[in-house]
1. Hey, any hits in the range 217-226 for a residue that's polar (S, T, N, Q) and modelled with pLDDT under 95?
2. Suppose we keep only residues that are surrounded by 19 or more Cβ atoms within 10 Å (Cβ to Cβ), of a type outside the set (A, V, I, L, M, F, W, C) and touching a Pro at 6+ places or on another chain (Cβ under 9 Å) within the range 46-58. Which one would you say is farthest from Asp113 (Cα to Cα)?
3. Give the residues of the range 146-169 that are over 19 Å from the mean Cα position of the chain (by Cα) and of a type in the set (Ser, Thr, Tyr), sorted by residue number.
4. Which one of these is in contact with a helix residue (DSSP H, G or I) (Cβ under 8 Å, 6 or more places away or on another chain), of a type outside the set (S, T, N, Q) and within 25 Å of Ala160 (Cα to Cα): Ala109, Ala47, Ala115, Ala75?
5. Here are Ser208, Ser238, Ser231: which of them is free of Cβ contacts under 8 Å to residues at least 12 places away in the same chain, among the hydroxyl-bearing types (Ser, Thr, Tyr) and surrounded by fewer than 16 Cβ atoms within 10 Å (Cβ to Cβ)?
6. When residues of the range 166-184 are filtered for being at pLDDT below 95 and either part of a strand (DSSP E or B) or touching a Lys or Arg at 6+ places or on another chain (Cβ under 7 Å) (or both), how many remain?
7. Considering the range 147-163 alone, what residues qualify as being assigned to a loop (DSSP other than H, G, I, E, B) and out of contact with any helix residue (DSSP H, G or I) (no Cβ under 6 Å at 6 or more places or on another chain)?
8. Report the residue count in the range 211-222 for those that are of a type outside the set (A, V, I, L, M) and either surrounded by fewer than 18 Cβ atoms within 10 Å (Cβ to Cβ) or touching a Cys at 6+ places or on another chain (Cβ under 6 Å) (or both).
Amino acid sequence: MKTRYLIACFSLFCVVISTPILAQEAERIPVNSDEAIPVGPFLFSPALQLSWQDRDNIFFTPDDPVRDQVYLAKARLLFELPIFESYLQFSYTPQYRDYKDYELEDKWAHFVDVAGAFEFASGFRLNVAYNYIIGNLEVREVDPGGELIWGDRKFTKNYAAVGGDYFIGQTDGINFELTWADVDHEDPDLFYDYTRLFATAGWLRQISPILVMSVNYGHIDYDAKNSEYYSNSFRDSSSDEVTVGLRGQLSPVVATEMVVGYRLTSYDRQPGDPPVEDFKGVIANGFISWDLSHGSVIRLDLLRSDYPSNYGPNSHYVATGGSLMYNYERGSFFGQARGRYQNNDYNLLAPLSETDDGKPRSDDIATFGLGLGFRFTEILSLWGTYLYEDRDSNLYEASYTTNIFTLGLVLGF
């Protein structure tokens, strides 16, 4: 697959599959070092993305929606250092976003990414990563489950990860991963500051030359920081989980990366805190994809997980959803169609904004998207998308519908 197609198709993918929340997420432009520019010992891959959007509900409100146009320019400056079978990558992505009418307080966002993969003679493989983000509308970076719908106040996020695997014999091995995330948000009404630590280790089994199974135990420590106005101590939690995963090819045309397991999340409760309930249940995250003829792919994504909440006295909510995507590529044309459904369930009412039916908040989120793109040259692609989302919540102010039309241009390696 050509690098230019990867860049253009990924840009289309990010917009078509996304809910309006995801459309504000930090999108990355992929790279293929085979097409990069040699700069000393590095391979340099520059890229530029320009896009225009027409949105009929920029604040995602149930009443009196505000229509506006959004302009976005993003550059990607990526350097890769090959080291035999290993590599190091350094990337900086400045992004400028502006509305035609709405005055956005912070128009600039910045993304720094460092990644490395190292393979040693002993067979041990080590992966490291670090990401730094200064953003505002990229709300999924703060709240990956989708409670936070809109936010134009600045936040910073640090994320670091290290992981590795080592096969003891021909078929059996061990693996581990450590991740750390720290978020500081300017507006505690949108979301509080927090730190999240995750550690997991387990056993690997090479089922076939192209398919690996893993059985892991994981532990999460979540620290919700207090604001100057109120305490978030009841949102502090620790989680333990056991998961089984598959990664690789189930057949020559069917690929998967799926993790399923059981998680127990326990919350710190002090006298006077809300009656927070612990989470106990099945978790799942991953996909299965089928390669069809003529460059077509069908992909099924599944999700079930508990996520931290900033809504009223709720410590968390549970997201359950799935999506189906069809991707098509023929010659210079490429396109996608995707539908997604997700339900976010809560335990408690908010003290100042009760739901319409007197029950805990529950959001049903349905999304549908279509897109089409065309490669003019090896380095120039144009794409357009339509996205519709309907969030039906028994909390009136969380309900909305929105239509988004996007036209974008990608230039680069």
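1. yes
2. Filtering first and then ranking leaves Asn57.
3. Selection gives Tyr166 alone.
4. Of the residues listed, the single one that is in contact with a helix residue (DSSP H, G or I) (Cβ under 8 Å, 6 or more places away or on another chain), of a type outside the set (S, T, N, Q) and within 25 Å of Ala160 (Cα to Cα) is Ala47.
5. Ser231
6. 2
7. Glu147, Ile149, Trp150, Asp152, Arg153, Lys154
8. 3
The values are calculated or read from the model by the stated rules, or taken from the named source; none is laboratory data. Everything numeric in this text was worked out from a predicted model, so none of it was measured. Ideal geometry is used to build each Cβ from the backbone, glycine not excepted, and the neighbour counts take in all protein chains shown.
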